[in-house]
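Down below is the structure, laid out as structure tokens.
The values are calculated or read from the model by the stated rules, or taken from the named source; none is laboratory data. This one's a predicted model, so the numbers in the text were calculated from it and none came from an experiment. With ideal geometry, Cβ positions are generated from the backbone for all residues, glycine too; neighbour counts draw on all protein chains shown. Calculation scope for accessible area: heavy atoms of the full protein, side chains included, ligands and nucleic acids excluded. Shrake-Rupley method; radii C 1.70, N 1.55, O 1.52, S 1.80 Å.
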2 protein chains.
Amino acid sequence: MNKDPIGIFDSGIGGLTIVKEIRKILPNEDIIYLGDTARLPYGTKSVEAIIQFSQENTEFLVSRGAKYIVIACYSSSSVALDILEKKFDVPIIGVIKPGVKQALALSKTGKIGVIGTTLTIYSGAYEKAFKALDRKCEILGRACPLFVPLVEEGWLDHPATALIAETYLKPLKEDNIDTLLLGCTHYPLLINVIRKVTGDIDYVDASKALGTELAQELKRLDLENPISQEKRRPSSSKITIYLTDLSINFKDIGERFLGEPMKNVSRISLKGV
Amino acid sequence: MNKDPIGIFDSGIGGLTIVKEIRKILPNEDIIYLGDTARLPYGTKSVEAIIQFSQENTEFLVSRGAKYIVIACYSSSSVALDILEKKFDVPIIGVIKPGVKQALALSKTGKIGVIGTTLTIYSGAYEKAFKALDRKCEILGRACPLFVPLVEEGWLDHPATALIAETYLKPLKEDNIDTLLLGCTHYPLLINVIRKVTGDIDYVDASKALGTELAQELKRLDLENPISQEKRRPSSSKITIYLTDLSINFKDIGERFLGEPMKNVSRISLKGV
């Protein structure tokens, strides 16, 4: 048993979709969220920069007493997880592996599609994670760099979004994948246009898969919070949000991702920001 | 006369399109370029953050002996120019005003469209710059946040790009603008799809307008470099590029923008990066 909070970091506020999933599965846990909005996005930065930023984020969350670190950022999970695990004593979970396990469990043919940002796909992190668990599976990756700006523009059913989805996903459909892993926080919001191209196959939402695995891990390591939500005072805080920059519309977008009001938001400075 | 270099900064490498224009008009000038690639894009950051980053960039260029500062970044020019002009002794030119002057000179009806990133448009900087020079003009702004990722994806003539351009620009066409100002480094690459929507009107490329005005200013202040290119040793360096982060594909994209090979590229650290 452990009353300390779970620490979650992301390059921005997209990781709040993961907080939302974790809240559903683990309603008794306190959460500290760190969004490195001053340096987002990580996907266009160098591997060295992403590793440095990820270390600074983890140090911050550990200094605030986090009992478990969740890397909600796909770019960080792709390139920094191994290094962070060596450097820090606290257990750490990335957003890559849980989705990989679930996709392998669902796929019958072993032909699995993965979509993500350019860095996530070209880093080869998904390919590596799949092959480590199942050497025979066939992984078809596709970078979809326009999906994030389309979601942020709110064009979830614009004709252009459908055309772009078709350009990105038709090759995966033609290669007869039977499972598609949505490897980016924003992509579940595009599930309707995606489904129109790739059809009636299995879809894995990496954020949900992460929430499920985190719950199992907390139980296994006996790190669950014994104080249930019902026993708390109503005013007690559950989610504390730190951002390295407060942009004009962070609250609007953030609350859409989180699915509840954003309270307890502070701007903080990391070493290098 | 002054042999010192011109200092140019941008949030990334998009500003190299401005370097290209300046090189055409001022072939004798040395250039130091600073791209703050570790913190790009600025357009999604807060005004306070953009001002802080812009000050650090200017300090760096001044410390390297820049005789004139060019702000190639639209977000910085929108929100930080006035503050930088007060804080630094070196003359500074932003990318907003030269385009505004040229658009006003070209427009007959005074109905002028301006397109740019979300921050550039919503900051109201263009509106303010236009009204300061001509109180009677009518300015129609439109944020086009998907244009930059489309250009970076290389989809200059994809059907989705045409659809997106239509969604963004049709209202400007219907309002009968007679001049359209392209207020973002990337947009001139989309001129063909833009022209298909807004038709046979006058277009202003803000980068070219800036180059023309900078040449006039150097002459006026007697800051031109007296040493012509022909008299130099062939090995002498003309453009020195500093980036705060080196991403995977910066060279490919950068050389497309610059129109020549990128030599003398170094990674540097600013105070806050």
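Listed values, structure above:
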| read-out | value |
| --- | --- |
| Label-point separation in nm, A:Ser228 to A:Ser63, each point 7 Å along Cα→Cβ | 3.7 nm |
| Between region A:187-201 and region A:96-145, the Cα center-to-center distance that results, in Å | 17 Å |
| Label distances, nm, B:Asn192 versus same residue in remaining copies, Cβ-directed 7 Å point | 3.3 |
| Under Karplus coefficients 6.51, -1.76 and 1.60, residue-wise ³J(HN,Hα) of region A:165-178 in Hz, glycine/proline x | 4, 5, 4, 5, 9, 4, x, 5, 4, 5, 8, 6, 5, 10 |
| Distant-in-sequence amide H partners of A:Thr37 (H built 1.01 Å from N, under 5 Å) | A:Thr244, A:Asp245 |
| Other-chain or far-sequence residues with amide H under 5 Å of B:Ile31's (modelled H) | B:Ile6, B:Ile239, B:Thr240 |
| Rounded FRET efficiency, nearest 0.05, which uses the C-beta distance separating A:Ile268 from B:Val90 and R0 of 35 Å | 0.60 |
| Amide H contacts under 5 Å for A:Leu140, placed H, 5+ residues apart | A:Ile112, A:Gly113, A:Val114 |
| Cα→Cβ-extended label distance, 7 Å offset, between B:Lys219 and A:Asp252, nm | 4.5 nm |
| Value in Å of the Kirkwood radius, where chain B supplies the Cα pairs that are averaged | 19.0 Å |
| Region A:1-85 - percent relative contact order, Cα under 8 Å, separation 6 or more | 44 percent |
| Positive-end extreme of charge dipole, region A:125-234 - chosen from A:Tyr126, A:Trp155, A:Leu180 (charges on Cβ) | A:Tyr126 |
| Residue-by-residue Karplus 3J(HN,Hα) for region A:67-81, coefficients 6.51, -1.76, 1.60, Hz, glycine and proline x | 8, 8, 10, 10, 8, 7, 8, 5, 4, 5, 4, 5, 10, 10, 4 |
| Rounded to whole Å, sorted largest first: equivalent-ellipsoid semi-axes of region A:1-126, Cα gyration tensor | 23, 19, 13 |
| Where chain A is the region considered: accessible area per residue in Å², 1.4 Å probe | 42 Å² |
| For B:Gly65, inter-copy label distances in nm, listed shortest first [label point 7 Å out on the Cα-Cβ vector] | 5.5 |
| Relative contact order %, region B:152-221, counting alpha carbon pairs below 8 Å whose residues are six or more apart | 36 percent |
| Helix-only [θ]222 nm of chain B, DSSP H runs n ≥ 4, -39500 (n - 2.57) each, per residue, nearest 500 | -13000 deg cm²/dmol |
| Nearest 10 degrees, 0 to 90: helix B:16-25 Cα axis against chain B principal axis | 80 degrees |
| Accessible area buried at the B-A interface, both sides summed, 1.4 Å probe (Å², nearest 100) | 2400 Å² |
| Spin-label model distance (nm) - A:Glu166 vs A:Ala132, 7 Å beyond Cα toward Cβ | 3.9 nm |
| Hydrodynamic radius (Kirkwood) for the protein assembly as shown, which is based on Cα pairs only, to one decimal in Å | 24.9 Å |
| Distances in nm from B:Lys87 to the matching label points in the other copies, shortest first (labels 7 Å along Cα to Cβ) | 2.9 |
